[in-house]
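This report refers to the structure that appears directly beneath it.
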Amino acid sequence: MHRTETISTPWGAAPPGAADQVLARVFGASLDRRLAAGHAPESDRLLAARARHIVSLPRRRALARNWEHLLAVAGRGPAPAVPLCHDRIAAAEPAIRDLIRCLRAALPVPAQGVAAARMLLTDATGPVYSRRSQAALDDVLRAALEQLDPARPLLSAVT
């Protein structure tokens, strides 16, 4: 007799199926926005699949490398093909270095912080790329760092 076993994830459900994983990548940007805004990963199959994907250590380390690349490009000065807010990035370098360190850490971290770090790096209307953004880069980075604290609960509190 063959017995199947359900393996649970940190979000309390069975691991996402192949279709959920594909859909979570297709809708990655919108799911990242929802996770960064504080939506509970366990509240939706696709959010859970996306959270599982982005919090993996290889994905977090890749994101950390992208932040390092941003610092390197910003440090070279203005380039017509790269519309960066060089002065904001330079001023926020200590917070960016802290973010990189947190992303590389082996401890599990909440998906909200990883999603916030991804959104900052990819949002063309955000403070990394747009002068029109009213958000202070250092403040937004500090908020993402708070969400990356491994002491924060990985699951939402159930009331």
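Of the listed values [x] 98, 31, 20; [y] 32, 15, 14; [z] 28, 16, 13, identify the label whose number matches semi-axes √(5λ) of the Cα gyration tensor in Å calculated from this model.
Among [x] 98, 31, 20; [y] 32, 15, 14; [z] 28, 16, 13, the one derived from this structure is [y].
Suppose only helical runs count, i.e. DSSP H with n ≥ 4. What mean residue ellipticity at 222 nm does that imply for the chain under -39500 (n - 2.57) per run, divided by all residues and rounded to the nearest 500 deg cm²/dmol?
Calculated mean residue ellipticity at 222 nm is -17000 deg cm²/dmol.
Sorted from largest to smallest, which semi-axis lengths in Å does the alpha carbon gyration tensor of region 14-60 give for its equivalent ellipsoid, taking the root of 5 times each eigenvalue? Please report the intermediate quantities before stating the final value.
Values: eigenvalues 40, 30, 22 Å².
Equivalent ellipsoid semi-axes, largest first: 14, 12, 11 Å.
Give me the net charge of Arg76's neighbourhood, meaning all other residues with Cβ under 15 Å from the Cβ of Arg76; Lys, Arg count +1, Asp, Glu -1. Walk me through the intermediate numbers first.
Details: positive: none; negative: Glu68, Asp87, Glu93.
For residues surrounding Arg76, the net value is -3.
Quick check for you: which residues of region 34-64 have the amide N under 17 Å from the point 7 Å beyond the Cα of Gln21 toward its beta carbon?
45-60
Under a point-charge model restricted to the Cβ atoms of Lys and Arg (+1) and Asp and Glu (-1), what is the dipole moment magnitude of region 18-147 relative to its Cα centre, in debye to the nearest 20?
Working: 19 positive and 12 negative charges, 68 e Å.
About 320 debye.
A short reminder: the numbers here are calculations on the coordinates, not readings from a lab. Keep in mind the model is a prediction, meaning the values are calculated, not measured. Every residue, glycine among them, receives a Cβ derived from its backbone with ideal geometry; neighbour counts consider all protein chains shown.
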